[in-house]
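Laboratory data are not the source of any read-out in this text; all were calculated from the coordinates shown. The model shown is predicted, which means the values in this text are computed figures rather than measured ones. Heads up, the Cβs are rebuilt from the backbone with ideal geometry, glycines too, and the neighbour counts pull from every protein chain shown.
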Number of protein chains: 2
Amino acid sequence: MSRITIKDIAKLLGVNPSTVSRALKDHPDIGAAMKAKVQQVAKDLGYYPNYQAINFRQRKSKLIGLILPDMSMFFFPDMIKSIELITKKNGYNLIIFQSNESFDKERECALVCQNFGVDGLLVCLSRETLTLDHFDVFTQERIPVVFLDKVIRGTNNATVDIDDFMASYTAINHLAKKNYKKIAGGFGSINLTMTQQRKAGFKAALEKHQLPFYSHLCFHGNTIEEVKKQFTLLLQIERPDAIFTMTDEVLAGVIQVIHEQNLSIPEDIAVISISNGNLPYYLYPKITYIKHSGQFIGKAAADLLFDLIDTPNTVTKKQIELETYLVELDSC
Amino acid sequence: MSRITIKDIAKLLGVNPSTVSRALKDHPDIGAAMKAKVQQVAKDLGYYPNYQAINFRQRKSKLIGLILPDMSMFFFPDMIKSIELITKKNGYNLIIFQSNESFDKERECALVCQNFGVDGLLVCLSRETLTLDHFDVFTQERIPVVFLDKVIRGTNNATVDIDDFMASYTAINHLAKKNYKKIAGGFGSINLTMTQQRKAGFKAALEKHQLPFYSHLCFHGNTIEEVKKQFTLLLQIERPDAIFTMTDEVLAGVIQVIHEQNLSIPEDIAVISISNGNLPYYLYPKITYIKHSGQFIGKAAADLLFDLIDTPNTVTKKQIELETYLVELDSC
DNA sequence: TTCGTTTGTGCAAACGGTTGTGTAAAATGA
DNA sequence: TCATTTTACACAACCGTTTGCACAAACGAA
């Protein structure tokens, strides 16, 4: 009735559990006849190994922790999907946590990961996170941690992200080439490194094209609603001829306002965004975007993590910066 | 250097590990002085319990498995989010698997869950799944399984879903009341129970309003691309004055075609969908929809699961059908 | 025949924490 | 003061599997 163990098989065959254990994993010490008998009985009894016992014994969990700030529909599904794929391919499983953009929650998630004995950790930092001390336990116990997408640079931690500066630079460059002059910018949380860099790229590209940077054409918003509010206010002051949005969330808000105001894209206002590339296709017209691939970031980070798990000391390139590229659709 | 255990604390204090174990959990058998000492040392040494050992000993994993057909961006983020919340609130963690709409993969996922010793299982069935034998092991070992959203009815399994018939019935009813006559229908995989029921509701509502059911105004598509192709073909035959879409995926495809053909909503064609309620707001005009809440389904399923875990025999209502309701926006 | 090697299996400890039972010493009661 | 209860801790088994070591039996070589 209850779960079949190696001991049950051993008792039934009148042999020692260790023999059964070895027979089941085709250990060379065990004779062919015994192996056959054991495997037959195991099958008959419907034996399957108790991974909890095994992992406990091996001091491994075969678990990879993934800490996310939020389950945003725009970016994370693709990312999780590819991480899951790699994780499974390596014989591990994924256990997902959400920090809800809170530093305290993130620390809690890390603690649970620690308790669970994850063999590796993938972390997308919360908006509030400024320090990484709460991951020190992992490095101390030689459990690899890879930061992805939302990272803090300048440390020797393993990171995978994109060149945020270049991504927005490319976007604005595209707008400038299309001869847009009054370019607005919609950004996310102002304290994120990502935001600062994307804004820096925005400014640099304007400068390169000798376009002025107007701070009244820039706004920040954490949520779609905030974005809508800010952008509506902006439009009351002056209508730009193009707008760059830093993420899908910002894009979603901006698009709604544009429709509310009965503006047409790209005639009244051109739009370009950094995006994972889903939302741009659902909108009309389709939005030109700089590809920021959740799938690629997830894959790169997971691959890096398993490199670090398998060969901790030979991995040299621990800071990976993925390419972004322009996908030209119909909004500029 | 390596991880601190109860034994380390015991050795350091010259007491028995069992005393430490009890002291740490405030067992009444242990004297106040000893408790204080133990807890102090534990803190000083940075002790944290080995959950692998504990769970192994207790024959629990504190893990809930979640098997999904796919990481669709429309529906699952909200669902996962709410499941995660409840799971955590109950002191459990979530481990997510994707079957990629494949029956074999789904069976594999179930196997891994079994090996991992999950304490409960939430399953959203794949497109291909027609039987539930692969979950028998769980019921045999008294591990609760709750099927959610995509379920097979008629068994005594615990299920949480919506009244698919009513959802589409309500949608078509709304269109009919608005005096639309030629109503098209965009559906998903034809072999899903969900599809059949939503189509049945579609037909029933038409009949109630004495509107004819034209099969050439109905199509099925598994992916957005298929939907686009099918709907484009449909439009070449005859333009309906309204279209009902069964899911966000179908809606996304339909909307793209509508824009490609330069039709306007709702003047040329009205649109109504069953949806989780994100996409409808991003589109223009905003799409009227029947609310099919991933969040609610996730919550209901998770709550039910923990009821079954905590009080296996007292739970009576094991088949839950959530209400859907009309959210009237601008597309009809 | 004898010694060394190989083959196949048993034995027991270990992973870290929990828990039922046993038992001194201290506290209580008459 | 002595019997009895309570307090506070120790001891050891246990969860399921792995693994180093011991050790017979069979085998091959000298």
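So if I place +1 on the C-beta of Lys and Arg and -1 on the C-beta of Asp and Glu, and nothing else carries charge, what would the dipole magnitude of the protein assembly as shown be about its Cα centre? I want it in debye, nearest 20.
Using only the charged Cβ atoms, the result is roughly 1980 debye.
If you plug each phi of the stretch A:259-266 into the Karplus form 6.51 cos²θ - 1.76 cosθ + 1.60 with θ = phi - 60°, what whole-Hz ³J(HN,Hα) values come out, in order, with x for Gly and Pro?
Each residue of the stretch A:259-266 in turn: 5, 4, 8, 6, 8, 10, 9, x Hz.
On a 0 to 90 degree scale, rounded to 10, what angle separates helix A:32-45 from the longest Cα axis of chain A?
Its long axis makes an angle of about 60 degrees.
Distances in nm, one decimal, shortest first, from A:Thr311 to the same residue in every other copy, taking the label point 7 angstrom along Cα→Cβ.
Output for A:Thr311: 5.7 nm, nearest copy listed first.
Amide H of A:Ile67 versus every other amide H placed in the peptide plane: which residues, excluding those fewer than 5 positions away on the same chain, fall under 5 Å?
Sorted by chain and number, the residues that satisfy this are A:Phe97, A:Leu122, A:Val123, A:Cys124.
Using a cut-off of 26 Å between alpha-carbon atoms, which lysines can reach A:Lys37, once sequence neighbours fewer than 8 places away in the same chain are excluded?
Candidates past the 8-residue exclusion: A:Lys7, A:Lys11, A:Lys25.
Helix A:224-237 versus the longest principal axis of chain A: what angle, 0 to 90°, nearest 10, using Cα atoms?
With both axes taken from Cα atoms, the answer is about 10 degrees.
Which of the three applies to the stretch B:190-231, rounded, prolate or oblate, going by the alpha-carbon gyration tensor with a ≥ b ≥ c and a/c under 1.5 meaning rounded?
Oblate is the answer for the stretch B:190-231, as a/c is 1.5 or above yet b/c matches or exceeds a/b.
Averaged over B:93-102, how many beta carbons belonging to a partner chain fall within 10 Å of each residue's beta carbon?
4
Tell me whether the stretch B:164-291 comes out rounded, prolate or oblate; compute the Cα gyration tensor, take square roots of the eigenvalues as a ≥ b ≥ c, and use a/c under 1.5 as the rounded threshold.
Rounded, since a/c falls under 1.5.
Return the FRET efficiency for the residue pair B:Thr223, B:Lys43: r is the Cβ-Cβ distance, R0 is 60 Å, and the value is rounded to the nearest 0.05.
E between B:Thr223 and B:Lys43, to the nearest 0.05, is 0.60.
Taking a 19 Å limit on the Cα-Cα distance, which of the listed pairs A:Lys150/A:Lys199; B:Lys177/B:Lys203; A:Lys150/B:Lys88; A:Lys291/B:Lys286; A:Lys89/B:Lys105; A:Lys199/A:Lys299 fall beyond it?
Exceeds cut-off: A:Lys150/B:Lys88; A:Lys291/B:Lys286; A:Lys199/A:Lys299.
What residues have an amide H closer than 5 Å to that of A:Leu322, excluding those fewer than 5 places away on the same chain, when H is modeled at 1.01 Å from N in the peptide plane?
A:Asp161, A:Ile162, A:Asp163
Add -39500 (n - 2.57) for each DSSP H run of 4 or more in the protein assembly as shown, then divide by its residues: what number comes out at 222 nm, to the nearest 500 deg cm²/dmol?
Counting only the DSSP helices, I get -14000 deg cm²/dmol.
Calculate how many DSSP beta bridges within chain B are antiparallel, expressed in % of all such bridges and rounded to the nearest 5.
The answer is about 10 percent antiparallel.
Got a sec to turn the phi values of the stretch A:149-166 into Karplus ³J(HN,Hα) couplings, 6.51 cos²θ - 1.76 cosθ + 1.60 with θ = phi - 60°, whole Hz, x for Gly and Pro?
Taking θ as phi minus 60°, the curve returns 6, 9, 10, 10, 8, x, 9, 9, 5, 6, 9, 9, 7, 10, 7, 4, 4, 5 Hz for the stretch A:149-166.
For peptide B:79-90, how many partner chain Cβ atoms fall within 10 Å of a residue's Cβ, on average?
2
Among A:Ala171, A:Ala33, A:Ala242, which one moves the most in a GNM of chain A with springs linking Cα atoms closer than 10 Å?
Residue with maximal mean-square fluctuation among A:Ala171, A:Ala33, A:Ala242: A:Ala33.
What are the residues whose amide H is under 5 Å from the amide H of B:Ile290, where those residues sit 5 or more places off or on another chain and H is modelled from the backbone?
Hits under the 5 Å cutoff: B:Ser273, B:Ile274, B:Ser275, B:Val327.
What is the dipole size for the stretch A:6-49, taken about its Cα centre, with +1 at each Lys and Arg Cβ and -1 at each Asp and Glu Cβ, in debye to the nearest 20?
Dipole magnitude for the stretch A:6-49 comes out near 40 debye.
Taking θ = phi - 60°, what integer Hz values does the Karplus form 6.51 cos²θ - 1.76 cosθ + 1.60 yield along the stretch A:134-142, in sequence order, with x for Gly and Pro?
Working through the residues one at a time gives 5, 9, 4, 3, 5, 5, 4, 8, 6 Hz.
Only Lys, Arg, Asp and Glu count, each charged at its Cβ (+1, +1, -1, -1), so figure out the dipole size of the stretch A:164-291 about its Cα centre, rounded to 20 debye.
Here the size comes out at about 400 debye.
Please state the shape class of the protein assembly as shown: rounded when a/c is under 1.5, otherwise prolate if a/b exceeds b/c and oblate if not, all from the C-alpha gyration tensor.
Here the protein assembly as shown falls in the oblate category.
Could you tell me which of B:Phe56, B:Leu66, B:Gly186 has its Cα farthest along the dipole of chain B towards the positive end, charges placed at Cβ (Lys, Arg +1; Asp, Glu -1), taken about the Cα centre?
B:Phe56
B:Ile237 label points, 7 Å along Cα→Cβ, one per copy: pairwise distances from this copy to the rest in nm, shortest first?
With the label placed 7 Å along Cα→Cβ, B:Ile237 yields 5.5 nm.
Across peptide B:245-252, how many C-beta atoms of other chains are within 10 Å of each residue C-beta, on average?
Rounded to a whole number, the mean comes out at 1.
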